[in-house]
Amino acid sequence: MGKYCEVCNKGTMSGNLVSHSNRKTRRSWAPNVQRVRVIVGGTPCRMNVCTRCLRSGKVLRSV
């Protein structure tokens with residue numbers, strides 16, 4: 001399953017965690033993914049969708 005959006009394929013990003021002494025270690029940022037019921041092709045199904053797609057209206061939530 002993983003932490004990625006099934007609508008926009010947004011996944012985890014990686015970068016550096018920089019301390020006060022300027023030492024760098026690797027870290028990752030995960031998108032805010034929710035498991036919601038959405039309507040796809042007229043039928044409701046469960047998908048992993050990021051909150052950006054939910055808020056922008058790219059998917060239609062099922063009630």
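What follows is calculated from the coordinates using simple rules that are stated; it is not laboratory data. Note that the coordinates shown come from a computational prediction; the quantities given were computed from them, not determined experimentally. Counting neighbours? That spans all protein chains shown, and the Cβs are built from the backbone with ideal geometry, glycine included.
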Dipole magnitude of the chain about its Cα centre, charges +1 at Lys/Arg Cβ and -1 at Asp/Glu Cβ only, in debye to the nearest 20? 200 debye
Karplus ³J(HN,Hα) for segment 7-22 (6.51 cos²θ - 1.76 cosθ + 1.60, θ = phi - 60°; Hz, whole; x = Gly/Pro) runs 8, 10, 6, 6, x, 6, 10, 10, x, 10, 8, 9, 7, 5, 8, 6
Sequence-distant residues sharing a close amide H with V40 (under 5 Å, placed H): C45
Based on DSSP H runs of at least 4 residues, each adding -39500 (n - 2.57), what is the mean residue ellipticity at 222 nm of the chain after dividing by all its residues, to the nearest 500 deg cm²/dmol? -2000 deg cm²/dmol
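Once fully extended, how much extra length lies between R23 and N9, figured as 0.36 nm per residue of separation less the alpha-carbon to alpha-carbon distance?
Details: separation 14, 0.36 × 14 = 5.04 nm, distance 3.16 nm.
Between R23 and N9, full extension yields an extra 1.9 nm.
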The summed charge of the G15 Cβ neighbourhood (under 12 Å; Lys/Arg +1, Asp/Glu -1) stands at +3
As I understand it, the dipole of the chain uses +1 on the Cβ of Lys and Arg and -1 on the Cβ of Asp and Glu, about the Cα centre. Which of G57, N32, P44 lies farthest toward its positive end? N32
Could you run the Debye sum over the Cα atoms of the chain, one equal point scatterer each and no solvent, and tell me log10 of I(q)/I(0) at q = 0.29 Å⁻¹, two decimals? -1.19
Determine ³J(HN,Hα), in whole Hz, for all residues of segment 55-63 in sequence, where each value follows from phi through the Karplus function 6.51 cos²θ - 1.76 cosθ + 1.60 and θ = phi - 60°; x replaces Gly and Pro. 6, 7, x, 6, 10, 9, 6, 8, 9
